[in-house]
Amino acid sequence: MRPRVPSERSRRAVALTALASVGLVAGAAWVSRRRPPRRRPEGSRAARQVRQGAALLAGSVLADSTMEHYRGGFHNRTMFVAPVSSGLALVSALAPGMMTRRARQAVNAGAVGAGLAGHLFHLRNVLRRPGALSWESMFYAAPLGAPGAMTLAGLAGLAATRLETGQPRGAEALRAGRIGSLGTVAGLLGTTAEVALLHFRGAFHNPMMFAPVILPPLAALAVADAARRPDRARLRLARILLRATAAMGLAGAAFHAWGVHRNMGGWRNWRQNLQVAPPLPAPPSFTGVALAGLGAAHLLEEARR
Amino acid sequence: MTRGIPDVRATEGRAPDVFSRDGWVPMRSHRDGEDVDFAIVGTGAGGGVMAAKLAEAGFSVVAFDAGPFFRPLADFASEEREQDKLYWTDERISDGRDPIELGSNNSGRAVGGSTVHFQMVALRFRPEWFLARSALGYGRDWPVDWREMWRAYDEVEDALKIAGPVRYPWGPRRGRYPYRPHEVNASGLVLARGAEALGVGWAPCPIATLSAPRGRAPPCVYRGFCKIGCSTNAKQSILNTYIPRALAAGAEVRDLAMVARIETDASGRATGLHYHRGGEWRFQQTRNVVVAGYSIETPRLLLNSAGPAHRHGLANAEGLVGRELMVHVNDAVWGTMEDEIRWYKGPPSMAVTEHWNYEDRKDFHGGYAIMSQGPLPTDFATSMVGNLGAFGMDLRRRMAGYNHMAGLKIVGEVMPDPENRVTLSDETDALGLPVPRITFGYGENDRAIGRHARGFMSEMLRAAGATDLFETTGTAHLMGGCPMGFSPQDSVVDADGRAWSCDNLWICDGSVMPTGGGVNPSLTIMANSARIGHRIRALAARGELARAA
Ligand SMILES: Cc1cc2nc3c(=O)[nH]c(=O)nc-3n(C[C@H](O)[C@H](O)[C@H](O)COP(=O)(O)OP(=O)(O)OC[C@H]3O[C@@H](n4cnc5c(N)ncnc54)[C@H](O)[C@@H]3O)c2cc1C
Ligand code: SF4
């Protein structure tokens, strides 16, 4: 006989979450459709997508690192580097006009460097704890993979500045598209690894927590395949999966908002729960990587013409 | 509900919804005259699991508890004295060479039993301990195969969503804990540093509090009030796991119902329970009785239930009821750290080393586990007054260092000894029931464990950088009193928890444990109860619930 265990998940919860995510995805689609076609001289479509991706990544890192480093009390001065550097990268992506091209390149190269250095700082923090490279440290010490998002933001920013000089064509587009795809694949897989670790820490208590460890690797596969042989069908599949990943990133924020609610005191206790619950700004970094990936796909498309 | 007399809540077809502040869930109700399949005495680690298992197997079940039915969100205060309401503080006489302290350190009284205020440490027995006598040469064997127990551990660990390390360093491979370990607090990291310095293993302690949301229960908020009752429901006690399950499956729970005596007929079979509820004496008829009142109240109830066929108390033909009562050595070493530790943050024991449970090169039998500590202020002050005689300015000075303190404590195995026992005294309590007398004395091996552990913990603490070390002694937990065994001559119940001399009487709590092991007992009690539940179901399916005939 099956034990009649009282229902673990309230139906209302499931319904609300579903509603929220559908709403978000639909909203995102609507917004992107209604946006008037921007015919700015500096921006090819690929450049625009890559820059949007960079902006989302930088924004995600800015919010996430500010929150997490605040939680850590900024006890080490270098902890200010992450928010400052990602903040500058965000400005360079959102308002490129505010900086010279040189400055933008410097800022984004700085983000790449800060991200790489971040890995080392976090590694040092891990190694100093009892247990060193144990699961316990991987779960709760400074996250080893997180600074990678800043590196990605910087790379995407650099790529965007590169592309704004004009859309490459032919063989050059193919080369650029392949480099972009490579970055996308690395970004998707790295982000997935980070999510897998944290969702494992959360014991995948909600089945939806499997989505971001399944979908992005599929997208990465499709992107890699399309970069290898950019034919129509492969590019189409890559685009579909990248769009799905982008939407999932936004839906993820809604799920995390639901996660906040499931902590003691829920949203009424937001000052505590925004820090301890799943991070709201984290999932959109998938959207950022996916957008940059769409830019790369566009370049590959261009090369086919 | 404040101090004073709480009111009966589980009645008239409804019981408190423990996940709400004032809600209810429907409850099946039985009349006193109705012959229910099972009447269970006690709803703690043993009784609570049994109520769920039997109800889920389709039996009609009424479970009695002397304590109130709390809703943690509304009833639990963050105040140590207020929460004394969770403990069994009725009068008990404690004597012997080493009289044990009773109450807050070993007995609860509430629906959910002692798990409502337990510290959530959820460790398994070492497999060899089930054959302590034949494999390790001390104590007694359990009449149960360790693999059967380990399957039952899997089951209860999942029911409690234990948060444990990804890989547990000691013992045979086990499946993954249902939830991941919590972040070890600073106090736990002191243990970790000490262990690493001395070259022994350590692990985040498997504990029964959520590290991720579960249904309507939020994850732990690390405020550290666990021992006085968790007010968030993050703690997975019997009250918010098995009790809701039991109710959903059709069990009735009667709170504030003190069972005084089990009635037996001329053939010696149990026929019902005399209990006190709502200011009056009542009688519940039943086909089977399960007793789960823990190591003092279970023997007390049996001894107080003499009948025509049980002259010296129920199931006491061989005079074994109440004997072989065990505690755990709970000695500790404390010290001051240079860094701020704030050990009250988080569950009290977040790191553990079972090194001396699995290492056999030592000069004593049995073993002990060491855990990091985080006592609340009143608790800690009380232990310093009791152990060190600290008082006045001295106590104040010591308490001023509270946020820099760290400590290690053991759960050390005590050998079963027939002279350590529960008997009935001539005094009576407010209901006119005989007050239990608890006689206890440590044996030489028990003392050796304490000495060894205090020495080892001092080394660990020093290695972790602590200064101004001092030691305290004490006991925790209760086990035994109605041991489970191989024959009517050596035990009160058989491997199925069934009394040798009364075939419709079962015991499934801590009192049936033949040995205490070097780990906290509740997980073992729950697993054993789940196992007995399965056995009862199997016996019923074969039509063997009545042994005679
Ligand atoms: C402070 C403290 C901390 C602990 N920490 C841990 C820990 O970290 N890990 C761990 O494994 N264990 C821990 N324990 C021990 C654990 O709680 C007990 O071993 C376990 O709950 C015992 O289970 P039980 O079913 O035998 O009895 P209990 O859980 O005590 O349940 C017995 C119930 O029976 C009821 N009862 C008794 N007699 C009668 C009667 N005549 N009529 C009606 N009702 C009756 C009582 O009210 C009680 O609710 C701790 C105990 C204490 C006190
Ligand atoms: S620390 Fe966690 S388990 Fe303990 S009382 Fe607080 S929420 Fe409950």
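Observations on the structure shown:
- Amide hydrogen neighbours beyond the local backbone of B:Ala257, cut-off 5 Å, H modeled: B:Asp65, B:Ala66, B:Gly67
- Estimated vicinal HN-Hα couplings, Hz - the range B:268-274 in sequence order (Karplus 6.51, -1.76, 1.60; Gly, Pro = x): x, 7, 6, 10, x, 10, 8
- Distance in nm between pseudo-label sites at B:Arg28 and B:Asp7 (7 Å out along the Cβ direction from Cα): 2.8 nm
- Cα-only radius of gyration and Dmax that characterise chain A, units Å: 19.9, 71
- Descending Cα extents along the principal axes, the protein assembly as shown, whole Å: 103, 59, 50
- Taking amide hydrogens as placed 1.01 Å from N in the peptide plane, the amide H of B:Asp32 sits under 5 Å from that of no residue at least 5 positions away in sequence or on another chain.
- Chain B: radius of gyration over Cα atoms, expressed as a fraction of 2.2 N^0.38 Å: 0.92
- The range B:261-311 and the range B:74-122 have their alpha-carbon centroids 24 Å apart.
- Under the criterion of Cα pairs below 8 Å and six or more residues apart, the relative contact order for the range B:249-305 equals 30 percent.
- Residue exposure proxy: A:Asp64, B:Asp426, B:Asp490, ordered by other Cβ atoms within 10 angstrom of their Cβ from fewest to most, comes out as B:Asp426, B:Asp490, A:Asp64.
- Total charge dipole magnitude, chain B, about the Cα centre, Cβ charges on Lys, Arg, Asp, Glu only, Debye to nearest 20: 1200 debye
- Given charges at beta-carbon only (K, R positive; D, E negative), |dipole| of the range A:169-305 in Debye: 240 debye
- Scalar couplings 3J(HN,Hα) for the range B:357-367, obtained by applying the Karplus form with A = 6.51, B = -1.76, C = 1.60 to θ = phi - 60°, are 7, 9, 9, 9, 7, 7, 9, 8, 7, x, x Hz; x denotes Gly and Pro.
- Angle between chain B longest axis and helix B:377-388 axis [Cα atoms, degrees, rounded to 10]: 80 degrees
- Gain on full stretching of the segment that runs from B:Asp394 to B:Arg167 - 0.36 nm per residue minus C-alpha separation: 77.3 nm
- Enclosed volume per residue, in Å³, of the convex hull spanned by Cα atoms of the range A:144-236: 100 Å³
- The range A:169-305 - percent relative contact order, Cα under 8 Å, separation 6 or more: 39 percent
- Farthest towards the positive end of the charge dipole of the range A:198-279, among the residues A:Gly249, A:Ala227, A:Pro278, is the Cα of A:Ala227, using unit charges on the Cβ of Lys, Arg, Asp and Glu.
- Taking the Cα centre of the range A:43-167 as reference, the dipole from Cβ charges on Lys and Arg (+1) and Asp and Glu (-1) amounts to some 320 debye.
- Amide H contacts of B:Ile40: B:Val62, B:Ala63, B:Phe64, B:Val290, each under 5 Å away and 5 or more positions distant or on a separate chain (H built 1.01 Å from N in the peptide plane; Pro and chain starts excluded).
- Cβ-defined net charge surrounding B:Thr11, 14 Å radius [Lys, Arg +1; Asp, Glu -1]: 0
- Neighbour counts of other Cβ atoms within 10 Å put A:Trp270, B:Trp88 in the fewest-to-most order A:Trp270, B:Trp88.
- Relative contact order of chain A, pairs being alpha-carbon contacts under 8 Å that are 6 or more residues apart, as %: 27 percent
- In this simple spin-label approximation, B:Ala266 and A:Arg175 carry label points 7 Å from Cα along the Cα→Cβ vector, and these lie 10.7 nm apart.
- Tensor-based shape of the range A:101-259 (alpha-carbon gyration tensor, a/c under 1.5 rounded, otherwise prolate or oblate): oblate
- C-alpha center-to-center spacing [the range A:172-213, the range B:325-393] in angstrom: 44 Å
- Gain upon complete extension [B:Thr382, B:Ser20; 0.36 nm per residue less C-alpha separation]: 127.0 nm
- Hydrodynamic estimate: the Kirkwood radius of the range A:169-305 over Cα pairs, inserted into Stokes-Einstein at 37 °C and 0.692 mPa s, corresponds to D of 210 µm²/s.
- Cα gyration tensor of the range B:19-77 - equivalent ellipsoid semi-axes, whole Å, descending: 23, 13, 12
- The radius of gyration of the Cα set in the range B:260-310, together with its Dmax, comes out at 11.0, 32 angstrom.
- Lysine pairs meeting the criterion (Cα under 15 Å, 8 or more apart or interchain), as found in chain B: 5
- Projecting the Cα atoms of A:Val126, A:Leu88, A:Gln167 onto the dipole axis of chain A, where Lys and Arg carry +1 and Asp and Glu carry -1 at the beta carbon, places A:Gln167 farthest toward the positive end.
- Relative to its residue count, the range B:1-106 spans a Cα convex hull of 153 Å³ per residue.
- With both residues required to sit in the protein assembly as shown, DSSP beta bridges show an antiparallel share near 75%.
- Positive-end residue of B:Ser501, B:Gly481, B:Gly450, charge dipole of the range B:418-509 with Cβ unit charges: B:Gly450
- With helices as the sole contributors, chain A gives -25000 deg cm²/dmol at 222 nm; each DSSP H run of n ≥ 4 counts as -39500 (n - 2.57), and the sum is divided by every residue.
- Spatially, the range B:490-531 and the range B:1-59 are offset by 22 Å when compared through their Cα centroids.
- Of B:Tyr242, B:Tyr442, A:Tyr140, A:Tyr70, the sequence from fewest to most neighbouring Cβ atoms within 10 angstrom is A:Tyr70, A:Tyr140, B:Tyr442, B:Tyr242.
Only the coordinates and a few stated rules stand behind these numbers; no lab work does. For clarity, every value in this text was computed on a predicted model and none was experimentally measured. Positions of Cβ are backbone-derived with ideal geometry, glycine not excepted, and every protein chain shown enters the neighbour counts.
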